[in-house]
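*Asks:* Before I ask anything, let me first share the structure, which is written out below as structure tokens.
The numbers here are math on the coordinates, done by the rules we state, and not lab data. Since the model is a prediction, treat every value here as computed from it, not as a measurement. Positions of Cβ are generated from backbone atoms using ideal geometry, with glycine treated the same way; all protein chains shown enter the neighbour counts.
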Amino acid sequence: MLMRRNDRNGGRVEKRFDRMERNGENLRSIHWDQLNLEAFQKNFFQPASSVLNRSRAEVNQYLDKNEITVIGKNVPSPILHFQESGFPQFMLDEIARQGFLEPTFIQAVGWSIAMSGRDMVGIAKTGSGKTLAYILPALVHISNQPRLARGDGPIALVLAPTRELAQQIKQVSDDFGRRMGVHNTCVFGGAAKYPQENDLRRGVEIVIATPGRLIDFLERETTNLRRCTYLVLDEADRMLDMGFEPQIRKIISQIRPDRQVLMWSATWPKEIRKLAEEFLRDYIQINIGSLNLAANENILQVIECCEEYEKENRLFMLLEKISSQPDNKAIIFVETKRKVDKIVNIIRRQGWRADGIHGDKSQKDRDYVLNNFRRSPNGLLVATDVASRGLDVDDVKFVINFDFPNNTEDYVHRIGRTGRSTNKGTSYTFFTPANASKASDLIAVLQDANQYINPELHEYARSGGRYRGGGGRMRGGTGGGGRGGPRGGPRMGGGGFHNGSDDRGPKYPRRDEFGRPERDFRDAASRSAGYGMGAPRAANGMGSGGYASNNGLLPYATDDRGYGGSYVSSTHAGYGAGAYASQPNVGSMVMRRTDTDRSRVPPSGSIGLAAAPAMPTAVAYSHPGVALNGAYMAAAYQYAAAPPVSRPTGYPPRGTMPPMANGGM
């Protein structure tokens with residue numbers, strides 16, 4: 001079961017770290033053609049006779065069977081068994097100690113190329129074992145170079161997009177380099193410079209770095225790259241996506257031109273091809289799997305098409321489902337740092353233990369959260385894309401994309417946090433109308449991985465990204481549709497709602513007639529997920545099908561300005577599914593409360609609809625004052641010093657949809 005906790009307090013505000021967004025303008029140019037460079041050795045391929053004697057037919061059979069494409073001239077034969085690699089015995093002992101039985105495909109083909117001193121591009125899914133594919137050859141390369149002198153920089157440099165990935169690479173380097181006396185350091189933003197600076201000044205053979213912080217140290221001449229002869233660009237596509245191309249170019253300009261370069265990527269877009277053509281020489285390209293965007297076939301990909309306002313309730317239902325399984329470590333990805341904190345708090349209020357990680361967390365807190373997540377068999381982590389690359393945890397069983405990422409490349413990397421190596425995993429993705437423009441690319445990824453395709457995705461794809469039923473413009477909200485539906489259709493659209501979460505007025509203490517503090521209406525219910533789809537409490541905006549969506553309208557309480565604001569719906573907030581689409585007076589429906597503390601007693605303590613027709617067929621939950629019929633909602637609930645919110649009698653259980661009259665709205 002997912003672990004539950006009693007602590008319902010939110011996390012403290014984290015200090016924003018220095019992102020080191022330097023471009024290297026202050027770096028001194030090096031005129032390599034004017035320097036007399038000392039020659040160095042980079043071909044150390046001494047495999048067993050079984051490798052050298054392997055026929056071309058055997059090699060082709062292995063490549064075809066495992067969907068491996070190799071492009072290049074004079075490609076060495078793959079290493080199919082650890083014993084024929086030619087690695088030192090202590091490396092083989094460490095490999096055995098860690099439980100590896102045979103090389104992965106990228107290791108089998110990549111080791112022989114890297115050990116031969118050739119440049120290469122490796123395109124493979126996440127979890128393919130690429131870190132060992134370049135770290136072990138790097139250690140062999142370093143052991144055959146002259147020892148570092150005082151003031152020398154590293155012999156091997158590994159560039160990575162995130163500090164999480166950099167730290168994981170360091171761990172692998174520690175495991176195998178310790179016996180050789182090969183030292184390394186990890187250089188990244190968001191942590192103190194002083195320890196990193198000390199390591200660089202003492203001299204290390206391997207530097208693992210994010211581009212921004214390394215540029216900073218190079219500009220300050222804390223270190224240099226004149227001794228660097230082995231360069232690795234890990235997750236190069238991600239680094240380009242993050243805007244690091246200027247820094248990468250500046251860094252490479254500081255490295256001698258005859259270096260050996262190994263570039264690793266999950267995709268092969270034109271930007272990566274251009275970078276490879278510019279900085280690699282006579283390189284060999286390896287592709288594991290399809291030449292298209294490589295998604296892991298060990299991952300079951302489930303796409304749930306829904307409206308924006310439905311996501312929280314679907315998330316709760318998923319967590320209930322996941323928690324019934326013995327091993328249920330899961331990662332939930334969202335689009336913003338702010339939403340990380342929000343989702344963590346919502347999950348905690350539902351009784352599950354969860355932690356969040358994003359770029360504004362301090363390095364100490366990030367390390368603490370990640371270490372806890374790694375140790376727990378039932379961990380639940382909410383993260384932005386900062387953690388979607390390089391989060392190397394083998395036992396993650398589930399990935400939930402609460403928000404679909406900006407592109408399918410990030411989607412592939414996110415779901416790649418599960419199904420590592422030969423393990424199986426499951427990913428769930430909420431796909432809303434606002435994501436319609438990405439439907440075609442997602443379908444291609446699913447087809448390539450032999451996955452079931454939700455028919456609604458084809459509808460989105462046929463719309464050409466013009467689907468506007470959800471995720472349209474709306475006042476105060478983040479999706480779900482103010483202007484929904486096809487062009488020329490009703491203004492309201494499907495699933496619109498007014499999000500009053502950031503407009504609920506000042507938080508002030510209130511007391512009842514006996515002097516007892518009342519429960520703050522925001523904490524009591526206004527952050528809940530709505531009546532619809534089985535959530536425990538109500539909220540504002542009617543949403544699709546006449547249900548409330550998020551933060552606001554409560555049968556118990558509301559802001560003195562109405563639904564978290566001075567309007568309930570107006571035609572911008574949207575009542576969903578067209579039921580209120582053309583009603584001119586919906587915006588006049590406002591809930592007010594008696595408030596003796598502020599001497600404001602409204603003439604009526606009820607919700608009403610101006611010029612609304614009668615409701616002879618109203619059917620409600622068995623809660624007084626809240627009624628639904630096929631078109632309208634009405635209530636007459638006098639609010640004054642309301643008790644703490646609790647589930648009303650007859651309230652539909654979590655995970656189910658409550659009944660509606662007349663077939664819904």
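*Asks:* Can you give the local net charge around LEU318? Use residues other than it whose beta-carbon is closer than 11 angstrom to its beta-carbon, Lys and Arg +1, Asp and Glu -1.
*Replies:* It works out to a net charge of 0.
*Asks:* Moving on to the next point. Which residue, chosen from SER362, ASN407, ASN345, occupies the Cα position most advanced towards the positive end of the dipole of region 299-465, where the dipole is computed from +1 (Lys, Arg) and -1 (Asp, Glu) charges on Cβ about the Cα centre?
*Replies:* With unit charges placed on the Cβ atoms, the residue in question is SER362.
*Asks:* Given the Cα-Cα distance of PHE90 and VAL393 and 0.36 nm per residue of separation, how much length would full extension add, in nm?
*Replies:* Value of the extension gain: 106.6 nm.
*Asks:* Subtract the Cα-Cα distance of GLU277 and ASN26 from 0.36 nm times their separation in residues, and report this length gain in nm to one decimal.
*Replies:* Stretched out fully, the GLU277 to ASN26 stretch lengthens by 87.7 nm.
*Asks:* Another question, then. Using the Cβ atoms and a cut-off under 12 Å, what net charge is assigned to the surroundings of ALA39, where Lys and Arg are +1 and Asp and Glu are -1?
*Replies:* Taking every other residue near ALA39 into account, the sum is 0.
*Asks:* To continue, here is another question. Using the structure shown, select from LYS250/LYS364; LYS329/LYS424; LYS311/LYS339 the pairs with a Cα to Cα distance greater than 18 angstrom.
*Replies:* The pairs that break the limit, which is 18 Å between Cα atoms, are LYS250/LYS364.
*Asks:* By how many nm would the segment from LYS321 to GLN98 lengthen if fully extended, with 0.36 nm per residue of separation less the alpha-carbon distance?
*Replies:* Computed gain between LYS321 and GLN98 is 77.0 nm.
*Asks:* Apply 1/(1 + (r/R0)^6) to the Cβ-Cβ distance of PHE44 and GLN363, taking R0 = 41 Å, and write down the FRET efficiency to the nearest 0.05.
*Replies:* 0.70
*Asks:* Once both labels are modelled 7 Å past Cα along the beta-carbon direction, what's the ASN407-SER55 spacing in nm?
*Replies:* Taking the simple label geometry, ASN407 and SER55 are separated by 4.4 nm.
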